[in-house]
Each structure stands twice: as structure tokens, then as C-alpha cells.
Amino acid sequence: MFAPLQVMFPDPGYVLALERDPRFQKAHGSASVAVFEGAATVAWRNLDVVFFLSATGALSILFTLCRMGGEEANSTIREADLSEIAPQFVVSRTHIRNILRAAKERGFIGHHGERRQFIRLMPAWITAFNRFMADSLAYSDLTYRLGLAALADHEAPLPA
């Protein structure tokens, strides 16, 4: 999660996390325990998206749908189009159908066309995923700052 933050906020940046500095990783891990419930809060606020994080290949399937133009109201993507690339996700066509069904149940995809044969991502998915990413990035920033503070405290010179 630090690479997107680095792009958005290069100053002061997230170099210690990106470079996997061992001292920082230790400080970050220790400091993050204090706000561990924040990770649970992010998950609880975003349960519909968390479901897709836990299902094999689900996010990749939805991202591929997006790359194929699935956000467009006049999308001409059919379920079969995604099924053809099932081997790329190392899942079965049935699994893809199940993911699409779960997404439909949550209002994340819809069907359109004369025979409702085309699928598209709905604004509800975009909104839910954006909220999840914003929450995740904010939490990553918080834990980074806590890690920096812990590192500074640990490496502070002893008083004379």
C-alpha cells in the first residue's frame, strides 16, 4: 500500500517502507499493534469488498472486467468473454460465474441488452472499491507515521 502513497505524497514519502528497511519494519510492526483494531474497522466498513479480497481471483476478475470496458453503460462484455480467460486466473468458469453472481447480488454488476446478455460494473462497485482503497491508504499512512515515530524514539540518543 505504500507505493501508491509514495506517488501521491512523495514528500516526505514512504521510502523506509518501500525499501523494506529492517529497522523500520521492526518499529512499524511494533507500533502498528497499538492500532490493530483500525485494520478490523477498515474491514468491517468494507465487508462487501473484503468478500472479493478473500475469494480466489475475484478482484482480478472484476479488474479485468473494468479493463475490458465493463464500466461503460453500453458494455458489450458477456460472461463467456470472461470465462474464456479463466485459465489466466487459474479458476474454473463456474468460479467466475459464482463471482459474477456474488457481485450481482451486491449490486456491483448489472446486465443489459435486449436479452440482458451483457454485463457491466455498476457505480456501486466503483464507490465501494474507492472507499475501501481510501480507508486502506489512510490506515497505511497512519501505521507508517507510527512506525516513524517509534523508530525515532528507539534511535533517539540517551540524555546526558
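Evaluate the following for R115: is it open to solvent by 60 Å² or more (accessible area, probe 1.4 Å) and either at pLDDT 90 or above or part of a helix (DSSP H, G or I) (or both)? When the stated conditions are applied, R115 does not pass them. One residue stands out in region 33-51 among those that are farther than 30 Å from R101 by Cβ and of a type outside the set (V, I, T): the one that is least open to solvent (accessible area, probe 1.4 Å), namely G38. Apart from one condition, P12 fits all of (1) assigned to a helix (DSSP H, G or I); (2) open to solvent by 70 Å² or more (accessible area, probe 1.4 Å); the exception is (1).
Here is the figure for region 10-53: residues that are within 20 Å of the chain's Cα centre (by Cα) and more than 13 Å from R145 (Cα to Cα) total 19. Taken together, S30, S92, S54 contain a single residue that is of a type in the set (S, T, N, Q), surrounded by fewer than 17 Cβ atoms within 10 Å (Cβ to Cβ) and more than 30 Å from D141 (Cβ to Cβ), which is S92. Contact annotation: residue pairs with Cβ atoms under 7 Å, 6 or more positions apart or on different chains, pairing a residue in region 53-74 that is under 17 Å from N98 (Cβ atoms) with a partner that is of a type in the set (G, A, S) and surrounded by 13 or more Cβ atoms within 10 Å (Cβ to Cβ), are L62/A103.
Scanning region 114-136 for residues that are in contact (Cβ under 8 Å) with a residue 40 or more places away in the chain, closer than 13 Å to T76 by Cβ and touching a Lys or Arg at 6+ places or on another chain (Cβ under 8 Å) turns up F118, I119.
The values are calculated or read from the model by the stated rules, or taken from the named source; none is laboratory data. This one's a predicted model, so the numbers in the text were calculated from it and none came from an experiment. Here the Cβ is made from the backbone with ideal geometry for all residues, glycine too, and neighbour counts use every protein chain on show. Only protein heavy atoms, including side chains, enter the accessible area calculation; ligands, DNA and RNA are left aside. Shrake-Rupley method; radii C 1.70, N 1.55, O 1.52, S 1.80 Å.
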